[in-house]
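Undergrad: Below is the structure I would like to discuss, written out as structure tokens.
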Amino acid sequence: MSAPPKTVLVASPEEEAAIRQAVRTAQPGSPDSVLAGPEHVPGLVTLLSDPAVSGPIYDLPRPINAQTVGAWVAEAQALRQKGEAILFVSLDPAGEVAGYSRFSVWPDRSSAEIVGGRRADLQSRGQGSSGAARSFGWMFEALGVRLVGLTAALDNVRSAKVIEAAGFVRMGERDSVRPDGTIRRSLYWELTRDQWRALHGA
Ligand SMILES: CC(C)(COP(=O)(O)OP(=O)(O)OC[C@H]1O[C@@H](n2cnc3c(N)ncnc32)[C@H](O)[C@@H]1OP(=O)(O)O)[C@@H](O)C(=O)NCCC(=O)NCCS
């Protein structure tokens, strides 16, 4: 399951409330993204049934089917109302689900995480770094968190490149817990909002 960053920040009650409100009301940072709803479940099942998409991702429900993915979408909708998660899907020009981003937010710690993937035919085309940078900036500026922690499988070279291109700082490894309780060893990075702004001129 998603885990908050190793570094523990403490948000004031005002900051926590502002982040929760931002999560409830935030609009996607990308023009091809929309909030995931029940209507996207068949497309998400197709997307996530491809091991090239879901294989490297530890926190997805398994097995992937309409029931498990439907419950996962519904859970994200409920958590959004609490200000603690957002699930976006990206749509291709034909309106098909072409990727997803799931943001976990810990408002009391002013912290967040993103996990996501794009359809196999859209991978390794050099769009990962720009798309990820847009999402990272959106977490700091639209959600208002001060810290983002990220994980990737030890052999996920593309994710590591995308994350480090944005300036995230490697902080060793951590155990990521899958929904079935098993452990996936992960590379681990953090970046603060101040570091982000210094690097990206915001
Ligand atoms: C991870 C992911 C989002 C990256 O997006 P992408 O569009 O495929 O990434 P890019 O094409 O921009 O490539 C990212 C970097 O990896 C490099 N790369 C691409 N394919 C590669 C390969 N097969 N082996 C090694 N490096 C590769 C690119 O050269 C680029 O590095 P550079 O910026 O230094 O040139 C995408 O591959 C994906 O959805 N993968 C499956 C799900 C996943 O792993 N999600 C992340 C979980 S943490």
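Undergrad: Among the residues of the range 10-49, count how many are modelled with pLDDT of 95 or more, loosely packed, with under 13 Cβ neighbours inside 10 Å and of a type outside the set (Val, Ile, Thr).
TA: 5
Undergrad: Among the candidates Arg119, Arg197, which residue alone is surrounded by fewer than 16 Cβ atoms within 10 Å (Cβ to Cβ), charged (D, E, K, R) and modelled with pLDDT of 95 or more?
TA: Arg197
Undergrad: Sticking with this one: Can you give me the ranges of the helices (runs of 4 or more DSSP H) entirely in the range 1-120 with at least 3 residues that are farther than 22 Å from Trp138 by Cβ and in contact with a helix residue (DSSP H, G or I) (Cβ under 8 Å, 6 or more places away or on another chain)?
TA: Here the list reads 41-48, 66-82.
Undergrad: When you go through Arg109, Arg80, Arg118 one by one, which is the residue that is within 14 Å of the ligand (Cβ to nearest atom) and among the basic types (Lys, Arg)?
TA: Residue meeting the stated conditions: Arg118.
The values are calculated or read from the model by the stated rules, or taken from the named source; none is laboratory data. Everything numeric in this text was worked out from a predicted model, so none of it was measured. Note that we place each Cβ from the backbone using ideal geometry, even for glycine, and neighbour counts take in every protein chain shown.
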